[in-house]
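Bear in mind that the values in this text are calculations on the coordinates, not laboratory data. Just so you know, these numbers come straight off a predicted model, no measurement behind them. Because the Cβ atoms are built from the backbone with ideal geometry, glycine has one as well, and the counts that use them run over all protein chains shown.
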């Protein structure tokens, strides 16, 4: 009798389906839209940026890399601030600062100034991915965490899609500056929605210093393997989207930027695959879903090789679905493996994620300029193979997909 009464009746946190759960998930979905719309809007207009500022493809891609590099650098400091001042406050500060910088970007007159503003925008945006998943996992029940994380990631795909698919058609008519400005205004509205909906945290106090947990996570092989997934897969994924527009504007495709933007509808595949992968991971285990998602990504890359537009579209859909499935699983797995210092563990994941976006997303331009699309595709496939091998080598460390600690 005593043992029975001592056991908690319900899991702590907001239950899936409750009003508070719905408000939290919608608020973070809006935060994901605002963040990733601003972050990736230039990707849809890179050919126009290149021609407008008189630079080559790799230089134009720096407008994306500057922001993602800033995000990678700022992720851990933002997580320290979140521990000190609270998750919700940091999310609001991050979104507000990024929105101001995003509205300034269209008015930059040259590439160096634009890169500087984009770097500041990325530094501000770092607070969202560094904090959002931790905020979720601390506020919802443990059983709902994987599904909630998948839903948040689906919001990031909607943001990435929105930024690209809005900026490019507007830019095709009124120039790339107008395209970025429209996205900035829409992002500001999403930030306002987050401020209205995000619930006050459930009484969590100030957390401990971040330095020691961060160092411990960097030395934990079972977390490092997840950081490697983020770096390798995100780098390859962004490389494809960075240079696809340049490929499609050339023969035999000769597609205008406004029409090329329609290919970003492939992002909807990620919106679907993220929560599906999260639910599958909760049922069959994280590792099988991670490996399967990466295999789908690799298949998608292969389908983009023939110069046939329908195959390129199918390949892009598979690439996107596979990537976001893998990302949803890996991001949620970090929180499950790090029972302490979760904010720092998630921040280090994001450092790796956006470092891959910045470094590989830019460096792949060398492969594209030197060897065309085949060279870029071969690079992305190699990154996927390394990611899968590393994940499988990790298979002996505990019970696959069920680990709860480092």
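GNM on the chain, alpha-carbon springs under 10 angstrom: the most fluctuating residue among 294, 137, 283 is 283. Separation of region 131-186 and region 256-296, taken as the distance between their Cα centroids, equals 15 angstrom. Here the residues 272, 289, ranked from fewest to most Cβ neighbours within 10 Å of their Cβ, fall in the order 272, 289.
Within the listed set 183, 351, 100, the Gaussian network model of the chain (springs between alpha-carbon atoms below 10 Å) gives the highest mean-square fluctuation for 100. Expressed in Å, the radius of gyration and Dmax of the Cα atoms of the chain are 20.3, 77.
Of the peptides 150-161, 245-256, the ranking by mean beta-carbon count within 10 Å, highest at the top, reads 150-161, 245-256. Annotation: the residues 200, 49, 284, sorted from fewest to most other C-beta atoms within 10 Å of their own C-beta, follow the order 200, 284, 49.
The ranking of 109, 357, 347 from fewest to most other beta carbons within 10 Å of each one's beta carbon is 109, 357, 347. How far apart, in nm, are the 7 Å Cα→Cβ label points at residue 283 and residue 378? Reported label-point gap for residue 283 and residue 378 is 4.0 nm.
In this simple spin-label model, placing a label point 7 Å from the Cα along the Cα-to-Cβ direction at both residue 385 and residue 96 gives a separation of 5.0 nm. What is the Rg over Rh value, at two decimals, for region 216-346, using alpha-carbon atoms and the Kirkwood definition of Rh? Using only Cα positions, Rg/Rh for region 216-346 is 1.06.
Relative to the longest principal axis of the Cα atoms of the chain, helix 145-174 runs at roughly 20 degrees. Considering only 287, 118, 164, the mean-square fluctuation computed in a Gaussian network model of the chain, springs between alpha carbons under 10 angstrom, is largest for 287.
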